[in-house]
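Trainee: Take a look at the following structure, please.
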Amino acid sequence: MNIAYAYPWDIVGDPAAPERLAALGVDAVALAASYHSTRAATPRHPGHRVLDVPHSAFYLPVRPEAWGRLVPAAPTWTTPDAYLLASEELRAAGLKVYAWTVLTHNAHLGQAHPDLVVRNAFGDRYPYALCPSWEDVADYCERLVREVLTAGEPDGLILEGCGAMGFGHQSVHEKTAGADFDADLMSLCFCARCADRYPAGTRERVQAAIDTGSAPQPAPAARTPARLQEPHRALTVGTGSGALEAALGPLADEVGAVRVELSASLRRLLTATARQVAPDVPITLHADPNPWATGPFAALPEGEQAADVLVGNCWGDPAKDAARLSRLGELCAPGQRVGAYVLALPPRPADAQALAELLRTYVKAGASEIHLYHAGLASPQRLTAMADALRLANL
């Protein structure tokens, strides 16, 4: 199973788009059903070449009675039923349609409900990041999955952001990349619900580590619990979570367990809902075996038996990305598969041989699915390179 990612507006209004995607040689399209704000290129669309998407939106009709406190916004830059229209066209071209569902990354709802967003150790809010420790957020995510499966009737469900978002966020003229902050320390949530779950002194330790620019060394007796150890050994390729453990010292075990459970509880709720609504629809999780992971690829240090596919991010160094995929493979239950979320856009060259070599690296690491990001953003030359790479790699 190979999948190309696309937005509804890549398809709607472009009669040639479905056949163009089918020509890639993929089996399915991951079509955004719920997505955050963006500014997207549309190189082949006859109606526009750049599309501004000013707020997070739901691309199926928004039925007020289906929602609780949090109600998603409808798009104004495309039709409110864009997902349905695009799905119909893609299926007519012989492609399956997977619902690409972004969960806790929603600046529209975060700005409207500031009490429900992630807050760092200093109390600063991240308005794009709904914190799943709140019942209203978990309820929204559950209703979102239910609506996507009921109204969208997808061939598969892809869950992204199934946990807390972190410090890094590509939006609004981002000016944080050069700051001397440790991203993991700045990603630890201290909203009212999360802060109360941590041991006393957690906030002060994190603040001190950030303000001094160096994490204190952990006490000699402090050890990572067995349930968190193995992912860290496999993820010396990870996100620098050693700074978090050093800053937290003897509190690391307890805080780490809280963070892991936060993602796990939301994941259990959503997979159970999906199985209840659509028992035969496969579930794909964007996941990271690093127990401190935040963002689109949520922490999954112990695996998830209710899922069908665990997809790891492959946008960075190929060796590190391959190690991440190998660890996800170790976490798989019998019958589960590993997918590689492969960046096929710049700075990767539009070179079929180079891309095929990347794909072979990820397959060797255990991936049996290739998720190509992003077919809608790709130029004609790059689309050709994607198709040729899949063929050269025998995928």
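Trainee: Can you pull the one-decimal nm distance between simple spin-label points at ALA66 and ASP196, each 7 Å off the Cα toward Cβ?
Mentor: Reported label-point gap for ALA66 and ASP196 is 3.2 nm.
Trainee: For the chain, what is the relative contact order in percent, using Cα pairs closer than 8 Å and at least 6 residues apart in sequence?
Mentor: 16 percent.
Trainee: Would you kindly derive the ³J(HN,Hα) couplings of the range 156-168 from the backbone phi angles with the Karplus curve 6.51 cos²θ - 1.76 cosθ + 1.60 (θ = phi - 60°), listing them in order in whole Hz, with x for Gly and Pro?
Mentor: x, 10, 10, 9, 10, x, 8, x, 7, 6, x, 5, x
Trainee: If you don't mind, there's one more thing I want to ask. For the range 267-395, what's the relative contact order in percent, using C-alpha pairs closer than 8 Å and at least 6 residues apart?
Mentor: Result for the range 267-395 is 20 percent.
Trainee: Cβ neighbours within 10 Å, averaged per peptide: list 299-310, 156-167 in order, most packed at the top.
Mentor: Going by the mean number of other Cβ atoms within 10 Å, highest first, we get 156-167, 299-310.
Trainee: Ignoring ligands, DNA and RNA, how do ASP136, ASP280 rank by accessible area with a 1.4 Å probe, largest first?
Mentor: Ranked from most to least accessible, the order is ASP280, ASP136.
Trainee: I'd like to check one number: the per residue accessible area of the chain, probe 1.4 Å, reported in Å² as a whole number.
Mentor: Solvent-accessible surface per residue comes out at 40 Å².
Trainee: As I understand it, the dipole of the chain uses +1 on the Cβ of Lys and Arg and -1 on the Cβ of Asp and Glu, about the Cα centre. Which of THR271, ALA200, THR294 lies farthest toward its positive end?
Mentor: So the residue furthest toward the plus end is THR294.
Trainee: Restricting to the chain, compute how many DSSP beta bridges are antiparallel as a %, nearest 5.
Mentor: Here the antiparallel bridges make up roughly 20 percent for the chain.
Trainee: Same structure, new question: Toward the positive end of the charge dipole of the chain, about the Cα centre and with charges on Cβ (Lys, Arg +1; Asp, Glu -1), which of TYR128, PHE167, ALA306 goes farthest?
Mentor: About the Cα centre, the residue reaching furthest to the positive side is PHE167.
Trainee: What whole number of Å gives the distance from the Cα centroid of the range 356-372 to the Cα centroid of the range 88-164?
Mentor: With the range 88-164 and the range 356-372 each reduced to a Cα centre, they are spaced 27 Å.
Trainee: Related question: So which trypsin sites (Lys or Arg not before Pro) in the range 360-395 are both in a DSSP loop and have at most 16 other Cβ atoms within 10 Å of their Cβ? The partial results should precede the final answer.
Mentor: Working: sites: ARG360, LYS364, ARG382, ARG391; in loops: none.
Listed in order of number, the matching sites amount to none.
Trainee: With labels modelled as points extended 7 Å from the Cα through the Cβ direction, what inter-label distance (nm, one decimal) is found for ASP124 paired with TRP315?
Mentor: According to this spin-label approximation, the distance is 2.0 nm.
Trainee: Another question, then. Between (i) 18.0; (ii) 19.2; (iii) 21.7, which matches mean projected area of the Cα convex hull in nm² calculated for the structure shown?
Mentor: The listed entry that was calculated here is (i).
Trainee: Right, next: Kindly list the residues of the range 251-283 that lie in the label zone of GLU204, defined by a backbone N under 20 Å from the point 7 Å along the Cα-to-C-beta vector.
Mentor: Residues 251-256 fall inside that zone.
Trainee: While we're looking at this one, here's another question. Based on the mean of other Cβ atoms within 10 Å per residue, sort peptides 73-79, 26-32 so the most packed one is first. Mind showing how you got there, number by number?
Mentor: Details: 73-79: 16.7, 26-32: 25.0.
Ranked by mean Cβ neighbours within 10 Å, highest first: 26-32, 73-79.
Trainee: Can you give the extra length, in nm with one decimal, that the chain gains between GLU19 and THR384 once fully stretched, where that is 0.36 nm per residue apart less the Cα-Cα distance?
Mentor: My answer for the length gained is 130.1 nm.
The values are calculated or read from the model by the stated rules, or taken from the named source; none is laboratory data. Every value quoted in this text rests on a predicted model; they were computed, and no experiment measured them. All Cβ positions, glycine included, derive from the backbone under ideal geometry; neighbour counts span all protein chains shown. Accessible surface areas use protein heavy atoms only, side chains included; no ligands, DNA or RNA. Shrake-Rupley method; radii C 1.70, N 1.55, O 1.52, S 1.80 Å.
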